[in-house]
Amino acid sequence: MMKYLIITVSLIGVLVSCKQPIENNSKTSQKEVTEFAIVVHGGAGGITPEILSEEKQKAYVAKLQEALNAGYKVLEMGGASIEAVQSSIKVLEDSPLFNAGKGSVYNSEGNQEMDASIMDGNTLNSGAVAGINHVKNPIMAARMVLDSTSHVMLSGKGAENIMETFGLEMVDSSYFFTEKRYNQLKQIKGKQKDKITFDTFLKDSKYGTVGAVAIDKNGNIASGTSTGGMSNKKYGRIGDSPIIGAGTYANNLTCGISATGTGEYFIRTVAAHEVSNLIQYKKLSPNEALHEVIYNQIGTLGGEGGMILIDKHGNVSWGFNTKGMFRGYKKSSGENIIEMFGLQ
């Protein structure tokens with residue numbers, strides 16, 4: 001039976017310090033190999049029961065579960081982890097709840113500039129796009145770069161032109177319009193005097209990136225990340241999400257990772273790759289490696305955010321130094337967990 005650990009306990013009391021230990025969210029032994037599993041996130045930030053109504057919580061749970069189910073179905077049928085990651089992220093991109101695809105925030109010029117990346121942990125092949133606007137699903141564009149070009153990253157109009165040639169679904173910029181995100185931009189720019197509330201946009205919504213990591217029946221790991229970036233960001237700004245090793249990384253020798261947070265700090269610390277290195281070379285556990293990077297490297301620089309991880313044994317971990325992170329996983333062992341707040 002699926003467990004929702006968020007509704008019954010998180011609506012009472014005030015969240016304790018966000019400086020919480022990294023959680024090992026798998027009840028599987030570190031030595032036990034899980035046949036297959038998928039973990040997703042929908043961004044980290046000021047996510048607390050006080051600003052998130054029960055109705056909103058249910059909406060996020062439902063969409064996160066839909067994303068998990070989409071990826072899990074691929075894995076269950078013997079599909080590759082990279083296909084599962086793409087399927088899960090596409091669900092999140094199609095929802096206005098998250099800062100990716102349909103729900104992407106506006107830049108300072110009043111447009112969306114979306115970034116995405118995907119990586120195969122078996123071959124280390126990767127694909128990424130940055131600063132695109134007319135591709136309906138940026139994660140599909142990242143996958144197309146991986147599969148159909150000799151490059152790792154394409155950006156802007158050039159990327160869009162190639163994706164249209166490849167036959168990806170293209171949309172007018174109006175597709176990405178949401179009143180919530182538009183009002184958010186106006187308020188940030190000082191064009192509205194109304195108090196900013198959660199109903200307008202998530203506090204710290206710049207952390208609203210989405211991502212997924214999966215391990216398939218063959219033991220291959222893949223990861224992917226997609227984002228609309230920071231609201232009111234400068235035209236041309238690129239964060240960590242499309243940068244392999246910063247916001248996304250996968251390696252069958254260690255783990256797969258997808259990150260969300262203040263991208264500049266994840267870039268400066270090469271955060272996702274650093275976690276993998278600590279596991280591979282310093283023999284840290286996934287939880288120890290996540291804690292080291294999130295708190296002692298990113299945190300000490302002033303950065304905030306979180307990461308999800310699946311190691312080569314199929315164990316799921318996640319960590320964040322914000323008040324919450326939309327997150328969940330589903331495993332062939334029967335475990336199905338969705339959470340959004342920090343430790344109570």
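The values are calculated or read from the model by the stated rules, or taken from the named source; none is laboratory data. Everything numeric here is computed off the predicted structure, so don't read it as measured data. So basically every Cβ, Gly included, is an ideal-geometry build from the backbone, and we count neighbours across all protein chains shown. Accessible surface areas use protein heavy atoms only, side chains included; no ligands, DNA or RNA. Shrake-Rupley method; radii C 1.70, N 1.55, O 1.52, S 1.80 Å.
Please verify whether residue 288 is acidic (Asp, Glu) and open to solvent by less than 50 Å² (accessible area, probe 1.4 Å), treating the condition exactly as stated.
Details: acidic (Asp, Glu): yes; open to solvent by less than 50 Å² (accessible area, probe 1.4 Å): no.
No.
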**OP:** For the range 95-111, state whether one or more residues are outside any loop (DSSP other than H, G, I, E, B), of a type in the set (A, V, I, L, M, F, W, C) and open to solvent by less than 30 Å² (accessible area, probe 1.4 Å).
**Re:** no
Original post:
Just to be sure, is residue 153 aliphatic (A, V, I, L, M), open to solvent by 30 Å² or more (accessible area, probe 1.4 Å) and either touching a Lys or Arg at 6+ places or on another chain (Cβ under 8 Å) or closer than 16 Å to residue 249 by Cβ (or both)?
Top reply: yes
**OP:** Please determine, by comparing only the residues of the range 156-180 that are part of a loop (DSSP other than H, G, I, E, B) and open to solvent by 40 Å² or more (accessible area, probe 1.4 Å), which one is modelled with the lowest pLDDT.
**Re:** 177
Original post:
Is at least one residue of the range 300-322 open to solvent by 10 Å² or more (accessible area, probe 1.4 Å) and assigned to a helix (DSSP H, G or I)?
Top reply: yes
Subject >> Selected residue [closer than 17 Å to residue 120 by Cβ, in a helix (DSSP H, G or I) and either in contact with a helix residue (DSSP H, G or I) (Cβ under 9 Å, 6 or more places away or on another chain) or open to solvent by less than 50 Å² (accessible area, probe 1.4 Å) (or both)] from 68, 75 >> reply: 75
Original post:
Mind checking which pairs have a first residue in the range 286-303 that is closer than 12 Å to residue 271 by Cβ and a second that is outside any helix (DSSP H, G or I) and open to solvent by 10 Å² or more (accessible area, probe 1.4 Å), Cβ under 6 Å, 6 or more apart or different chains?
Top reply: 290/22; 297/269; 298/269; 303/262
**OP:** Kindly indicate whether residue 229 is at positive phi, over 16 Å from the mean Cα position of the chain (by Cα) and touching a residue at least 40 places away in the same chain (Cβ under 8 Å).
**Re:** no
**OP:** Could you look through the range 244-260, keep only residues that are more than 13 Å from residue 224 (Cβ to Cβ) and open to solvent by 10 Å² or more (accessible area, probe 1.4 Å), and pick out the one that is farthest from the chain's Cα centre (by Cα)?
**Re:** 253
**OP:** Among what's in the range 131-143 and is open to solvent by less than 40 Å² (accessible area, probe 1.4 Å) and part of a helix (DSSP H, G or I), pick the residue that is nearest to residue 90 (Cα to Cα).
**Re:** 139
Original post:
Which pairs have Cβ atoms under 7 Å, sit 6 or more apart or on different chains, and link a residue in the range 151-177 that is β-branched (Val, Ile, Thr) to one that is outside any helix (DSSP H, G or I) and surrounded by 12 or more Cβ atoms within 10 Å (Cβ to Cβ)?
Top reply: 152/126; 152/127; 152/128; 152/244; 162/154; 171/134; 171/136
Original post:
Which one of these does residue 249 not meet: (1) of a type in the set (Phe, Trp, Tyr); (2) over 29 Å from residue 122 (Cα atoms); (3) modelled with pLDDT of 95 or more?
Top reply: (2)
Original post:
When the residues of the range 202-216 are filtered to those that are at pLDDT 90 or above and not hydroxyl-bearing (Ser, Thr, Tyr), which remaining residue is surrounded by the fewest Cβ atoms within 10 Å (Cβ to Cβ)?
Top reply: 216
**OP:** Any residue in the range 78-90 that's under 17 Å from residue 255 (Cβ atoms): show its pairings with residues that are hydroxyl-bearing (Ser, Thr, Tyr) at Cβ separation under 7 Å, as long as the two are six or more apart or on different chains.
**Re:** 85/223
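Please verify whether the range 268-277 includes one or more residues that are within 30 Å of residue 53 (Cα to Cα) and within 18 Å of the chain's Cα centre (by Cα).
There is no residue in the range 268-277 that is within 30 Å of residue 53 (Cα to Cα) and within 18 Å of the chain's Cα centre (by Cα).
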**OP:** Could you list all residues from the range 323-341 that are touching a residue at least 12 places away in the same chain (Cβ under 8 Å), open to solvent by 10 Å² or more (accessible area, probe 1.4 Å) and small (Gly, Ala, Ser)?
**Re:** 332, 333
**OP:** Would you check if residue 267 is of a type in the set (Val, Ile, Thr) and touching a helix residue (DSSP H, G or I) at 6+ places or on another chain (Cβ under 7 Å)?
**Re:** no
**OP:** From (1) touching a residue at least 60 places away in the same chain (Cβ under 8 Å); (2) open to solvent by 20 Å² or more (accessible area, probe 1.4 Å); (3) within 30 Å of residue 73 (Cα to Cα), pick out the condition that doesn't hold for residue 273.
**Re:** (1)
